Amino acid sequence: MTRFLPRSLAGQMALLIAVALFTAQALNFTIAVRDRAQFRLAYAAQQATTRIVDALERERISGRLLAPDRGRVRRVAANPIPPALERRNEVADEVRSQLAEAGISFRSIDTGIRPLAAEEKRDRKRPGPGAVLVVAIEQPGKGWLTVNAPWVRPDRRLIAALTFQTLILYVIILLPVMWIVRRISKPLRSLAGAARAFRPGDGATPLEERGPSDVRAVIAAYNALSLRVNAMLDEKDRMLGAIGHDLRTPLAALRVRIESVEDDDDRNRMADTIDEMNRTLDDILSLARLGRPSEPPIDVDLAALIDAVVDDFRDLDHDVAFEEAPRLKMHLRPSLMRRAVRNLIENAVKYGGGAEVRLLAGESTVAIEVADRGPGIPADKLAAVFDPFTRLETSRNRETGGIGLGLALARAIVADARGDITLANREGGGLTATITLPRS
């Protein structure tokens, strides 16, 4: 049932109130119709009984039998109600009860609803009931007494009045409630939008606290939470800066000291180790700072950006091919995106000996494909390789596998650009890494 409810608070409240009003009016309508039916029954039965009692009293006093062809109450030999007329057993029961209270003896009672004849309608000076109730009472040894009483058909005006009353209730109650609920839900919608658009360090102004007291309390809690998050991230940035400074200083000192080592092989190995530690430190700090990049997004030509990265690899004599693509304007952080593409091409060169790069532009997305002819990745490991410090090559040798941050860093960069990165094994061997970015 919940899937058919409106998603907004105002819509749900309006629907619930409308259902409640409809239910209340339905009950009111049922009660009114039942009361109307009971009144019609009591009125018709009372009219017939009163006329019969009065006629029998006059007959007793005068000593003359009632005529079969004149008067409101007539005495006839046989039941005058044709079998085709509509019977009303509830009226017969009510008349039977009232005659018993009046002490009048009878054998049976029959009723029928007869529509008004054309001449009867013309004789009426004002609108009245559209039918006549015919009541026939059989008295032992005296024949049948017959009397006509007005019979009120179900009044359509009652239905129209209740419908109009329902519409008035909707206007008086539902519309103001919807307006009030919308005023209450508007701050909540603003809060939801601010929470979705929250970016640490973006300098957004706190939300205005408005609405009922509990809604204002939620907005105040969100503002306080955003301030605490930004403060924690500021502290993290300061800590990372201090760590980077404290580690790079002794590494620089070591780099200076190894110049005094006379053995060229030992000195080169030490220098390579220091360079590896610097690269590892850069990767770790870059990954940790991605939540608050200092580089603002700008409009760049994505095809030119990829071509520049490919040229860097070609300058180092790596086999990297790039299919020429038309200019493609994108709004992103160029340095970070360049690093993500570089990491994918670096993996392809390292494990496949080369890379094939393509830029595919669609209507709503852009795809950057980096393919190689290396060994590929087992299907059960395709998702795990994005985890930091995860390597399929377990020797921990930087030259054969790095430290396992390249793909993690690339995925974090692409996610910051609201994109996605996937890996898939190629037919015939190799791997294809695809970066998918939204065009808007």
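The values are calculated or read from the model by the stated rules, or taken from the named source; none is laboratory data. None of the values given here were measured: they were computed from a predicted structure. Using ideal geometry, Cβ is built from the backbone for each residue, glycine included, and neighbour counts are taken over all protein chains shown. Remember, those area values only see protein heavy atoms, side chains included, never the ligands or the DNA or RNA. Shrake-Rupley method; radii C 1.70, N 1.55, O 1.52, S 1.80 Å.
Scanning the range 40-83 for residues that are in a helix (DSSP H, G or I) and not polar (S, T, N, Q) yields a total of 18. Are any of the residues in the range 18-33 farther than 30 Å from residue 177 by Cα, open to solvent by less than 50 Å² (accessible area, probe 1.4 Å) and either modelled with pLDDT under 80 or not aromatic (Phe, Trp, Tyr) (or both)? No, every residue in the range 18-33 fails to be farther than 30 Å from residue 177 by Cα, open to solvent by less than 50 Å² (accessible area, probe 1.4 Å) and either modelled with pLDDT under 80 or not aromatic (Phe, Trp, Tyr) (or both). Look at residue 96 and say whether it is modelled with pLDDT of 85 or more and basic (Lys, Arg). Yes: the conditions hold for residue 96.
Taking residue 331 as the residue in question, decide whether it is at pLDDT 90 or above, surrounded by fewer than 19 Cβ atoms within 10 Å (Cβ to Cβ) and more than 22 Å from residue 385 (Cβ to Cβ). So residue 331 fits the description; yes. Beta carbons closer than 9 Å, at least 6 apart along the sequence or on distinct chains, pair a first residue in the range 44-62 that is open to solvent by 50 Å² or more (accessible area, probe 1.4 Å) with a second that is among the charged types (D, E, K, R) and in a helix (DSSP H, G or I) for 46/94.
Yes/no matrix, rows are residues, columns are (1) within 47 Å of the chain's Cα centre (by Cα); (2) at pLDDT 80 or above; (3) open to solvent by 60 Å² or more (accessible area, probe 1.4 Å):
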residue	(1), (2), (3)
222	yes, yes, no
236	yes, no, no
269	no, yes, yes
272	no, no, yes
275	no, no, no
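For the range 339-380, filtering for residues that are closer than 16 Å to residue 438 by Cα and open to solvent by 10 Å² or more (accessible area, probe 1.4 Å) leaves 9.
So, residue 211, is that one touching a Pro at 6+ places or on another chain (Cβ under 8 Å) and small (Gly, Ala, Ser) or not? Criteria met by residue 211.
Rundown of residues vs (1) small (Gly, Ala, Ser); (2) under 20 Å from residue 54 (Cα atoms); (3) surrounded by 12 or more Cβ atoms within 10 Å (Cβ to Cβ); (4) at pLDDT below 80, yes/no style:
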residue	(1), (2), (3), (4)
84	yes, no, no, no
107	no, yes, no, no
129	no, no, yes, yes
153	no, no, no, yes
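Among the residues making up the range 381-420, a single one is open to solvent by 40 Å² or more (accessible area, probe 1.4 Å), modelled with pLDDT of 85 or more and not charged (D, E, K, R): 415. For the range 28-65, the set of residues classified as farther than 19 Å from residue 110 by Cα and among the charged types (D, E, K, R) consists of 34, 35, 36, 54, 57, 58, 59, 60, 64, listed by residue number. Are there any pairs with C-beta distances below 9 angstrom linking a residue in the range 84-99 that is in a strand (DSSP E or B) to a residue that is open to solvent by 60 Å² or more (accessible area, probe 1.4 Å), with the two at least 6 apart or on different chains, and if so which? So the pair list comes out as 86/114. Can you confirm whether residue 36 is under 29 Å from residue 116 (Cβ atoms) and either in a helix (DSSP H, G or I) or at pLDDT below 80 (or both)? It is true that residue 36 is under 29 Å from residue 116 (Cβ atoms) and either in a helix (DSSP H, G or I) or at pLDDT below 80 (or both).
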